[in-house]
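No lab work stands behind these numbers, since they all come straight from the coordinates. Being a predicted model, the structure only gives us computed values, none of them experimental. Cβ placement follows ideal geometry from the backbone for every residue including glycine, while neighbour counts extend to all protein chains displayed.
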Amino acid sequence: MTYRTIVAYLPDADSAPRTLKAATIMARQSGAHLIGLYVKTGIRLYFAGSSYYDVGMLETLMEEHNARHNEQSTKVREMFDTISRAENFPCEFHVAETVKTDASEAVLEYARPADLIVCPNGAGDKKTDPEDADVAVRMMLEAGRPVLVVPAGWNGDTLGRDITLAYNASREATRAAFDALPLLKQAEQVHAIWIDPVVGAGEDTSRAADEIAVALARHGVKIAAETDASGNNTIARAIIARARDNGSDMIVMGAYGHMRLREMIFGGTSRDMLDLLPLPVLMSH
């Protein structure tokens, strides 16, 4: 099993370089078909109190809106074309259009037939519009495909060489482990880490991650099982700390084991991870 179709969602010229770099590494490792995607969304109009837009104002706003999309899509296409000329794997670039202000529905059409989706991380980035920041999460919840989220500031030279697999025996964590199998099999080392394991009476908590490690080892994965306590940290911070200690260049974990609304209100590991993200994370729901 390998990734044969990878979709890189490229919403703007600022995040495109890091997103394309991660997607290129993934495509190069597996000889995948790489699809670059830019989405021209509908115009967003904000009304406050007695404010109104006359025809002239609307025309001006539409012209500015279209000009921005044309400028951004041209820049992103140029970046993509530069990569496609330099690489041996097949590449194609698409510009999709939607009247909606949210790009998610358009991205989903390309994401569902793919093996892997690569998105920039907009969570916690004040420069990112909330609707744009939501795309990666909607891909996790609705595409049924693994999503590789690339954080702002990432400029690594490797991806998937050393992987920290956050595991807790949940459906989402199990799905993520096997969705990431093509990467895990290629990795030089994988660390299956269970933070704050809950086991039955008399069971050894230090062996909590052994079963998933043994199962993945049967696929040829070079893996070691570990457990740890979060202590005064959140689980997300504990996972990140272990990933850094391990020298990992990627984290793999399940996404939104609790209802998303609950995580928005009370907090949760998935949301914390996206807010804190220091290195690429592959997430599955």
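Some points to look at:
- Efficiency of FRET between residue 142 and residue 169 - r from beta-carbon atoms, R0 41 angstrom, step 0.05: 0.95
- Segment residue 233-residue 210, length gained on full extension (0.36 nm per residue, minus Cα span): 5.9 nm
- Considering only the chain, percent of DSSP beta bridges that pair antiparallel, nearest 5: 10 percent
- 5 angstrom amide H check on residue 230, placed H, neighbours 5+ away: 196
- Per-residue Cβ neighbour rank within 10 angstrom, fewest leading, 179, 249: 249, 179
- 3J(HN,Hα) from dihedral phi, segment 172-178, Karplus parametrisation 6.51/-1.76/1.60, rounded to Hz, x for glycine, proline: 5, 5, 5, 4, 4, 4, 7
- What the phi angles of segment 84-95 give under the Karplus curve with 6.51, -1.76 and 1.60, with θ = phi - 60°, is a coupling list of 4, 6, 8, 9, 9, 7, x, 9, 8, 10, 10, 10 Hz, glycine and proline written as x.
- Scanning residues 5 or more positions from residue 118 or on other chains, those with amide H under 5 Å from its amide H are 7, 8, 9, 148, with H placed 1.01 Å from N in the peptide plane.
- Checking [x] 36, 23, 14; [y] 26, 24, 18; [z] 61, 38, 18 against the coordinates, the calculated semi-axes √(5λ) of the Cα gyration tensor in Å falls under label [x].
- Taking 19 Å as the limit for the C-alpha separation, the pairs 21/222; 185/222; 40/100 exceed it in the case of 21/222.
- Computed label-point distance, nm, for sites residue 74 and residue 61 using a 7 Å Cα→Cβ extension: 2.5 nm
- For the chain, built as a Gaussian network whose Cα springs stay under 10 Å, the top-fluctuating residue of 95, 118, 147: 95
- Using the Cβ-Cβ distance between residue 87 and residue 109 with R0 set to 30 Å, the FRET efficiency works out to roughly 0.75.
- Rounded tilt (10° steps) of 235-246 against the dominant C-alpha axis of the chain: 70 degrees
- Ellipticity estimate at 222 nm from DSSP helix runs (n ≥ 4, -39,500 (n - 2.57)) divided over the chain, nearest 500: -12500 deg cm²/dmol
- Estimated FRET transfer efficiency when R0 is 35 angstrom, pair residue 218-residue 96 (beta carbons, to 0.05): 0.30
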